[in-house]
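Enquirer: Sending over a structure as structure tokens; questions will come in a sec.
What follows draws every value from the coordinates through simple rules; no lab data is involved. Note that the structure is predicted; figures quoted are calculated from it, not measured. Here the Cβ is made from the backbone with ideal geometry for all residues, glycine too, and neighbour counts use every protein chain on show.
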Amino acid sequence: MPPKDTDITGRSPKRRRPQAIRRLVIWYRRNAAVTSLVDTASAASSVAGSMAGSVAGSVVSTAGNVAGAAGNVAGNVAGVAGSMAGAAGSVAGSMANSVLQPLVFDPLRRLQQGSNPDGELRIVDAERLWVAVDGMGGDHAPGPILEGCLRAVALLPVRVRFVAETAAVDQAVAALGLGEELATAISAGLIEVVASGPSVGMDEEATVVRRKRDASINLAMDLVKAGEATAVYSAGNSGAVMASAIFRLGRLKGIDRPAIGALFPTKDPNQQVLVLDVGANMDAKPAYLHQFALLGNIYSRDVLQVQRPRIGLLNIGEEECKGNELCLKTYPLLAADDRFVFAGNCEGRDVLSGDFDVVVCDGFTGNVLLKFLESVGSVLLDVLRAELPRGRRGKVGSAFLRSNLVRIKKRLDHAEHGGALLLGVNGVCVIGHGSSKALSVVSALRLAHSAASHGVMADLHKLSDSTEAAVACG
């Protein structure tokens, strides 16, 4: 007779796993993405494996029962599941996050890396650039705008001249508890508060900047014009910002209409596409779109470091004969200019494909495209949440995919991009979203610093001089 713990062949029978663990292992094996995520976590957090397993055993009772009997396979599954649970998350979750958390998408991250492999800026105070900030611009100003400036001076090589109404600043500082932090920044010479008069409201006409001469946006523009700041940022009324920039800074020679250019993400995390115009000119002429292409080409080359930017014309088809009258008349102008690479028409589905570096269109179309993209991130996450399985299995799956979902949100979140550049005026000007808060301000000031420190204005002046000379000869 064979021993009791063997079968008729003399081999030990396999112990049956509890049903919950069997289901977990089956689900784990069927999901390739989760499998690779777990394998990476297991290899990267080998030091924390034993600790995570023991904590997981105490929290996830089923996983703990099987951990002692199922060997390494069940131990790995229990470790990851436990790390995503309540008590175990504090032990293995923090270590797994440090390894698995992808790099936050930053449209200008590679510009900051330089020789530093960590991608962090080594700030030298002598190299800091002054940026004028319209502290009264935006739906939530001035509190969140000031908070963003305080974060920015700690993270970026910039100094901020914060232009705002004194009473409003005092009230915001008291409400947010920023008094000590602001005093420290002022004493260190990183922030300077500049008093302004009544500000321009978000619902006022753009021409009001002519009457409110000491409004915060006007004084901020004057700082750039006087050379006391290298760039200006405002999250206020975009029409008023553009009007103030034209009145105070002036247009570049040879440029009929400035354009607002926004950076869009593409399927490649390391590549962005500059779309302009996204709101400055509702009605455009072919000559305007031609000028937008010239402006975008210089910005993409100088700041985004694209050697030969590919220019696209936003249209409803790839063929040259497609589109409305504006597109039909613009196409030959772009195709005939040898100062940039014209890659042809760009359909809406191709904007984020990575096949184009610059896409030009009228302001009405561009603004619709911009606002649509701003909604994609939140809608996509809502859809993913709704489609994840319910119950215990869904919670475990959600935990496995959390870092991926966060990365998707960051790539599509307009707050991560900060703002859009107003190209075509005689100075670096960044326009932020009206709902901007601290994160958006930091991103916008990073954008302003990058534009101001890469010689964009010098090349734009060369372009305006050559364009004016060509017009004179013609």
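Enquirer: Skipping prolines and chain starts, which residues have an amide H placed within reach, meaning under 5 Å, of the one on Ile123, given they are 5 or more residues away or on another chain?
Expert: Hits under the 5 Å cutoff: none.
Enquirer: What list of ³J(HN,Hα) values in whole Hz, one per residue of region 234-248 in order, does the Karplus curve 6.51 cos²θ - 1.76 cosθ + 1.60 (θ = phi - 60°) give from phi, with Gly and Pro shown as x?
Expert: 8, 9, x, 3, 4, x, 5, 4, 5, 5, 5, 5, 5, 5, 8
Enquirer: May I pose another question? Cα atoms only: what Rg and Dmax, in Å, come out for region 190-311?
Expert: Rg and Dmax of region 190-311, Cα atoms, are 16.3, 46 Å.
Enquirer: Follow-up question, since we're still on this one. Which of the trypsin sites (Lys or Arg not before Pro) found in region 219-312 are in a DSSP loop and have at most 13 neighbouring Cβ atoms, other than their own, within 10 Å?
Expert: For trypsin sites (Lys or Arg not before Pro) across region 219-312 that sit outside H, G, I, E and B with at most 13 neighbouring Cβ atoms in 10 Å, the list reads Lys267.
Enquirer: Of all the Cα-Cα pairs you can form in region 297-398, what percent are over 18 Å apart?
Expert: For region 297-398, the fraction of Cα-Cα distances above 18 Å is 60 percent.
Enquirer: Run the paramagnetic zone check for Thr166: 7 angstrom along Cα to Cβ, then residues of region 192-216 with backbone nitrogen under 18 Å.
Expert: In region 192-216, the label zone of Thr166 (backbone N under 18 Å from the point 7 Å along Cα→Cβ) covers 192-199, 214-216.
Enquirer: Compute the length gained on full extension between Glu318 and Ala386: take 0.36 nm times their separation in residues and subtract their Cα-Cα distance, giving the result in nm to one decimal.
Expert: Details: separation 68, 0.36 × 68 = 24.48 nm, distance 3.60 nm.
Extending this stretch completely gives an extra 20.9 nm.
Enquirer: Residue-wise, which Karplus ³J(HN,Hα) couplings in Hz belong to region 349-363, taking 6.51 cos²θ - 1.76 cosθ + 1.60, θ = phi - 60°, and x for glycine or proline?
Expert: Once θ is set to phi - 60°, the couplings for region 349-363 become 6, 9, 4, 9, 6, x, 7, 10, 9, 9, 10, 10, 6, 6, x Hz.
Enquirer: Taking amide H positions as placed 1.01 Å from N in the peptide plane, with prolines and chain starts having none, which residues 5 or more places from Glu347, or on another chain, fall under 5 Å of its amide H?
Expert: Residues meeting the amide H criterion: Asn315.
Enquirer: Right, another one. Using the Cα atoms as the points, what is the convex hull volume per residue of region 287-332 in Å³?
Expert: Normalising the Cα hull of region 287-332 by residue number yields 74 Å³.
Enquirer: Assuming 0.36 nm per residue, please report the length gained on full extension of the stretch Lys225 to Val376 beyond their Cα-Cα distance.
Expert: Gain in length upon complete extension: 50.6 nm.
Enquirer: Work out how much length Arg339 to Ala126 would gain on full extension: take 0.36 nm times their residue separation and subtract the Cα-Cα distance, in nm to one decimal.
Expert: Here the answer is 73.0 nm.
Enquirer: If you split all Cα-Cα distances of region 154-218 into 5 Å bins from zero, what percentages do you get per bin, shortest first?
Expert: All Cα pairs considered, the percentages come to 3, 16, 21, 21, 17, 12, 8, 2.
Enquirer: Long-range amide H contacts for Val160: which residues qualify at under 5 Å (H placed 1.01 Å from N, peptide plane, sequence gap of 5 or more or a different chain)?
Expert: Those lying under 5 Å, H to H, from Val160 are Val131, Ile191, Glu192.
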